[in-house]
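Presented below is the structure to which this report refers.
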Amino acid sequence: MLTRSVAERLQAPDLFSGWGIRTLSSLSPAYNLMGYHLVTVWPHDNGIIASGLRALGFTDQALELAQGIFDLCTQQPYYRPPELFCGYERTPNASPVCYPVACSPQAWATGTIFQLLELMVNLQPDVPSNCLQKSPHAPTCF
């Protein structure tokens with residue numbers, strides 16, 4: 001199925017850094033770990049991707065992305081996510097590498113946190129019953 005192959009592709013090591021999905025594969029000739037749109041990780045892009053994965057039923061993949069972004073926030077001053085960060089691979093005991101001129105905090109990056117919380121709660125409107133259904137899932141950090 002096409003959606004499964006896309007979900008798997010996004011989680012492949014050349015795209016998923018462990019902190020989030022990069023803007024460009026490490027296999028690309030244009031690969032540049034510090035290029036603005038060349039391999040950086042943008043929290044708001046990852047929030048959109050995670051929401052799409054969750055909506056398509058790829059809950060584990062969505063939660064893995066959420067975990068990466070939440071872990072990133074724990075490494076930032078006052079837990080505030082930056083606009084973007086460099087696409088270096090996540091390794092044990094290493095912090096994400098800040099992009100030198102990223103805005104921090106950044107409103108849309110901060111909004112991503114609420115988007116990720118929403119996908120974890122997973123409220124689904126049930127109009128005929130006039131109620132909200134929920135099926136919460138949380139990454140391991142919660």
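The figures follow:
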| quantity | calculated |
| --- | --- |
| Residue within the stretch 59-74 that is assigned to a loop (DSSP other than H, G, I, E, B) and either surrounded by 14 or more Cβ atoms within 10 Å (Cβ to Cβ) or out of contact with any Ser or Thr (no Cβ under 7 Å at 6 or more places or on another chain) (or both) present | no |
| Every pair of residues 6+ apart whose Cβ atoms lie under 7 Å, when the first sits in the stretch 115-137 and is closer than 14 Å to Ala66 by Cα while the second is in a strand (DSSP E or B) | Val121/Lys134; Asn122/Lys134 |
| Only listed residue being loosely packed, with under 15 Cβ neighbours inside 10 Å, of a type outside the set (Asp, Glu) and over 24 Å from Leu117 (Cβ atoms), chosen from Ser5, Ser26 | Ser5 |
| Any hit, the stretch 85-101, residues being within 22 Å of His137 (Cα to Cα), crowded, with 17+ Cβ neighbours inside 10 Å and not charged (D, E, K, R) | no |
| Count - residues of the stretch 24-44 that are touching a strand residue (DSSP E or B) at 6+ places or on another chain (Cβ under 7 Å) and either of a type in the set (Gly, Ala, Ser) or in contact (Cβ under 8 Å) with a residue 12 or more places away in the chain (or both) | 5 |
| Tally, over the stretch 72-86, of residues that are more than 14 Å from Ala102 (Cα to Cα), in contact (Cβ under 8 Å) with a residue 12 or more places away in the chain and in contact with a helix residue (DSSP H, G or I) (Cβ under 6 Å, 6 or more places away or on another chain) | 1 |
| Residue count, the stretch 111-134 (criterion: part of a loop (DSSP other than H, G, I, E, B) and of a type in the set (Phe, Trp, Tyr)) | 0 |
| Among (1) within 19 Å of Leu117 (Cβ to Cβ); (2) within 14 Å of the chain's Cα centre (by Cα); (3) not in a loop (DSSP other than H, G, I, E, B); (4) not β-branched (Val, Ile, Thr) - the single one Tyr78 does not satisfy | (2) |
| Those residues of the stretch 37-60 which are closer than 19 Å to Ser95 by Cα and more than 11 Å from the chain's Cα centre (by Cα), in sequence order | Val39, Thr40 |
| Scan of the stretch 93-110 for residues that are in a loop (DSSP other than H, G, I, E, B) and more than 15 Å from Gly20 (Cα to Cα), ordered by number | Asn93, Pro100, Val101, Ala102, Cys103, Ser104, Pro105, Gln106 |
| Matching residues, the stretch 29-44, being buried (at least 19 other Cβ atoms within 10 Å of the Cβ) and either touching a Cys at 6+ places or on another chain (Cβ under 9 Å) or assigned to a helix (DSSP H, G or I) (or both) | Val39, Thr40, Val41, Pro43, His44 |
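None of the figures in this text is laboratory data; all of them are computed from the coordinates on show. It should be emphasised that the depicted structure is a prediction, and the values quoted were computed from it without experimental measurement. Here the Cβ is made from the backbone with ideal geometry for all residues, glycine too, and neighbour counts use every protein chain on show.
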